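**Student:** There's a structure below that I have some questions on.
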Amino acid sequence: MRLILGLETSCDETAAALVTHDGDIRSNVVASQAVLHARFGGVVPEVASRRHLELVAPVIREALAEARASLDDVELVAVTRGPGLIGALLVGLSAAKALAWGRGLPLAAVDHLHGHVASLYLEPAPLEPPFLCLLATGGHTLLLDVRARSGYRSVGTTIDDAAGEAFDKGARLLGLGYPGGAALDRLAADGDPEAFDFPVARLDGLDFSFSGVKTALLYAVRALDAGELERRRADLAASYQRAIVRALVERTRAAAEQLGHERIAVVGGVAANSELRASLAEAVLAPLELCTDNAAMIASAARYLTPVAPPGFLELDAYAAA
Ligand code: KG4
Ligand code: ZN
């Protein structure tokens with residue numbers, strides 16, 4: 001076997017995957033630390049780094065076992081270099097360097113956002129550029145002009161909160177815990193999306209803004225007494241979700257039209273949202289298990305990069321911001 005070992009530790013998921021050069025996923029192991037951070041209401045960077053340290057070797061071992069492979073089958077190590085939490089990234093990058101150095105293998109340093117896009121290039125239904133890609137995660141909301149698998153050009157971004165962050169903050173206001181995007185999605189299924197009018201700012205061009213809608217939800221929550229809030233929680237969730245999804249869909253379609261793209265793709269954690277998936281029915285949606293952070297997408301992106309031979313990669317550093 002000739003396999004790419006992917007590693008991802010940019011936030012609170014410790015992930016390892018084995019992928020072939022043709023884009024077949026042989027294993028894709030994700031150890032989420034969400035439960036560990038839940039009681040703090042968000043990811044605590046130092047806690048995340050320490051947990052990555054404990055999990056990274058077992059997760060790699062499990063990925064190898066699931067693929068029925070050994071390190072002898074690995075011929076390229078791929079790892080997320082940024083953007084993300086710097087301490088968390090350094091755990092993955094150091095592990096990758098150590099493995100590649102110890103076995104004399106090349107190393108591919110992958111940008112996390114390129115990884116999300118490359119989740120679309122995996123089997124069994126790999127997507128061929130050109131396309132317009134909406135990348136919506138807890139940290140980013142980007143419209144990307146994708147013309148080649150090796151990269152992309154950003155044509156729109158959020159000027160304040162990311163879409164996933166808006167979901168998480170809304171979920172918190174509704175008492176759904178952290179990270180609440182998926183829980184808000186489930187609660188919204190029982191609510192009326194037209195019950196509340198939560199406007200989303202329309203900026204010039206192709207940028208997004210989600211801080212206003214979050215404030216609107218805050219005021220709506222404050223205006224209700226405890227009993228009423230409990231009764232109307234699902235309506236609030238549905239209306240809030242509707243506002244965010246509408247903004248995402250509108251801007252994404254406008255960008256595709258402006259750039260002359262016939263195809264739209266959606267990636268990142270928010271691509272798991274059921275209303276977004278239903279609203280952009282014409283779009284190519286990343287498979288659910290590849291929407292949130294994972295290492296198969298990192299290994300996938302590495303296929304379109306030039307790897308660095310030992311010892312050159314020892315100089316590579318992580319970066320926190322894109
Ligand atoms: O891509 P991802 O796993 O990590 C980052 O790179 O940030 O995205 C995580 C984000 C979180 O904000 C989470 O609440 C959101 O994706 N998310 C969702 C859903 N599932 C995950 N947001 C809305 N609806 C969902 N079903
Ligand atoms: Zn991500």
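**Student:** Could you list, in sequence order, the residues of the stretch 98-125 that are assigned to a loop (DSSP other than H, G, I, E, B) and aliphatic (A, V, I, L, M)?
**Tutor:** L105, L122, A125
**Student:** Residues being within 16 Å of ligand 1 (Cβ to nearest atom) and of a type outside the set (G, A, S): count how many of those fall in the stretch 124-142.
**Tutor:** Total meeting the criteria: 7.
**Student:** Which residues, counting only those in the stretch 182-196, are touching a residue at least 12 places away in the same chain (Cβ under 8 Å) and either open to solvent by 50 Å² or more (accessible area, probe 1.4 Å) or within 20 Å of the chain's Cα centre (by Cα) (or both)?
**Tutor:** A182, A183, L184, D185, A189, D190, D192, E194
**Student:** Of the residues A286, A299, only one is assigned by TED's automatic domain parsing to the domain that holds G84 and in contact (Cβ under 8 Å) with a residue 40 or more places away in the chain; which?
**Tutor:** None of the others qualify; the one that does is A299.
**Student:** Being touching a Leu at 6+ places or on another chain (Cβ under 8 Å) and open to solvent by less than 50 Å² (accessible area, probe 1.4 Å) is the filter here, so list the residues in the stretch 72-94 that pass it.
**Tutor:** Result: D73, V74, L76, V77, A78, V79, T80, G82, P83, V91, G92, L93.
**Student:** Scan D192, D161 and give me the residue that is assigned by TED's automatic domain parsing to the domain that holds V249 and away from ligand 1 (no atom under 14 Å from the Cβ).
**Tutor:** Matching residue, one of D192, D161: D192.
**Student:** Every residue in the stretch 7-55 that is out of contact with any Leu (no Cβ under 7 Å at 6 or more places or on another chain), polar (S, T, N, Q) and part of a loop (DSSP other than H, G, I, E, B), please.
**Tutor:** The answer is Q33, and nothing else.
**Student:** Taking the criterion of being open to solvent by less than 20 Å² (accessible area, probe 1.4 Å), under 26 Å from L142 (Cα atoms), more than 16 Å from ligand 1 (Cβ to nearest atom) and in contact with a helix residue (DSSP H, G or I) (Cβ under 7 Å, 6 or more places away or on another chain), would at least one residue in the stretch 48-70 satisfy it?
**Tutor:** No, because not a single residue in the stretch 48-70 is open to solvent by less than 20 Å² (accessible area, probe 1.4 Å), under 26 Å from L142 (Cα atoms), more than 16 Å from ligand 1 (Cβ to nearest atom) and in contact with a helix residue (DSSP H, G or I) (Cβ under 7 Å, 6 or more places away or on another chain).
**Student:** On to the next question. Of the conditions (1) within 16 Å of ligand 2 (Cβ to nearest atom); (2) at pLDDT 95 or above, G139 clears all except one; give me its number.
**Tutor:** For G139, the failing item is (2).
**Student:** State whether one or more residues within the stretch 210-220 are under 17 Å from H116 (Cβ atoms), at pLDDT 95 or above and open to solvent by 40 Å² or more (accessible area, probe 1.4 Å).
**Tutor:** Among the residues of the stretch 210-220, not one is under 17 Å from H116 (Cβ atoms), at pLDDT 95 or above and open to solvent by 40 Å² or more (accessible area, probe 1.4 Å), which makes the answer no.
**Student:** Also, quick follow-up: Among A299, A318, which is the only one that is within 16 Å of ligand 2 (Cβ to nearest atom) and within 17 Å of L105 (Cα to Cα)?
**Tutor:** Unique residue meeting the criteria: A299.
Yes or no, residue by residue, for (1) closer than 18 Å to G268 by Cα; (2) open to solvent by less than 60 Å² (accessible area, probe 1.4 Å):
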{"site": "A148", "(1), (2)": "no, yes"}
{"site": "G151", "(1), (2)": "yes, yes"}
{"site": "S154", "(1), (2)": "yes, no"}
{"site": "A163", "(1), (2)": "yes, yes"}
{"site": "D168", "(1), (2)": "yes, yes"}
{"site": "L176", "(1), (2)": "no, yes"}
{"site": "G180", "(1), (2)": "yes, yes"}
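**Student:** Looking at this structure, is R68 of a type in the set (D, E, K, R) and at positive phi?
**Tutor:** The answer is yes for R68.
**Student:** How many of the residues in the stretch 269-311 are part of a helix (DSSP H, G or I) and open to solvent by 50 Å² or more (accessible area, probe 1.4 Å)?
**Tutor:** Counting residues in the stretch 269-311 that are part of a helix (DSSP H, G or I) and open to solvent by 50 Å² or more (accessible area, probe 1.4 Å) gives 5.
**Student:** Need the failing condition index for S239 against (1) more than 27 Å from S32 (Cβ to Cβ); (2) open to solvent by 20 Å² or more (accessible area, probe 1.4 Å), just the number.
**Tutor:** (2) is the only condition that S239 fails.
The values are calculated or read from the model by the stated rules, or taken from the named source; none is laboratory data. The structure presented is a predicted model; accordingly, all values stated were derived computationally and were not measured. For neighbour counting, all protein chains shown are included, and Cβ atoms are generated from backbone atoms with ideal geometry for every residue, glycine included. Surface accessibility is based on the protein's heavy atoms, side chains included, excluding ligands, DNA and RNA. Shrake-Rupley method; radii C 1.70, N 1.55, O 1.52, S 1.80 Å.
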